[in-house]
Amino acid sequence: MGERLGVLGGTFDPIHCGHVLLAQSVREQLDLDRVLFIPAADPPHKRSADLTPAQHRRVMVELAITGLAGLEPSSLEIDRGGTSYTIDTLRQLAAVHEDADLHLIIGTDNICDLSTWHDPEAILSIARVVAGARRQVGTSTHERFADRIMQLDTPLFEVSSTLVRQRLRDHQPIRYLVPPTVEAYIFDQRLYGVSDKGPIP
């Protein structure tokens with residue numbers, strides 16, 4: 001029996017507590033050995049010009065999960081460069097970890113989008129897709145994949161990277177939305193247009 005390996009990809013711009021909570025919950029429920037956090041180099045569904053440089057996003061991921069058992073950062077997509085297609089990442093992981101049981105972790109709100117991903121059938125053939133409840137949605141499961149996605153009852157944490165960036169632009173606090181180390185890094189590096197006044201109390 002090979003390693004039970006979770007894969008959580010995304011832009012992580014920035015990583016927030018919802019990402020960490022989702023990974024921890026899925027890992028516990030499915031008894032995964034590890035969950036890899038893989039920041040995208042160039043996500044196909046987002047404008048590259050709007051992204052924070054990959055180096056910053058990678059460091060924030062590392063800071064967010066340092067010391068958390070079973071959660072590990074991976075720079076696989078950043079090192080590979082180019083457009084970050086999930087199927088390419090899964091194939092690379094399957095080649096390196098030949099006996100691994102791969103679990104691709106997504107939020108329930110991403111299920112409807114799965115049909116728009118590059119080669120979704122291949123994704124489902126390589127990894128078990130596991131959806132956790134990052135946001136409650138209506139009829140979320142696309143009929144093509146309804147019986148092929150495992151949906152778990154995970155804690156609901158209503159936060160998104162978009163919300164975090166907007167609050168920073170509006171000079172509102174982000175405490176408890178992102179890990180403290182990530183908050184400190186954002187202000188230290190003056191990301192997302194923050195000033196040099198330090199974290200907002």
Per the rule of 0.36 nm per residue minus the C-alpha distance, extending residue 31 to residue 163 adds in nm 44.4 nm
Of the convex hull drawn through the C-alpha atoms of the chain, the volume per residue in Å³ is 120 Å³
Can you tell me the FRET efficiency between residue 151 and residue 190 if r is taken as the Cβ-Cβ distance and R0 is 30 Å, rounded to the nearest 0.05? 0.15
Looks like the stretch 1-106, by Cα gyration tensor root eigenvalues a ≥ b ≥ c and the a/c under 1.5 rounded cutoff (else prolate when a/b is bigger than b/c, oblate otherwise), is oblate
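Where a number appears in this text, it was derived from the coordinates with a stated rule and is not lab data. Predicted model, so just to flag it, every value in this text is computed and none were measured. Cβ sites come from the backbone with ideal geometry, for glycine too, and all protein chains shown count toward neighbours.
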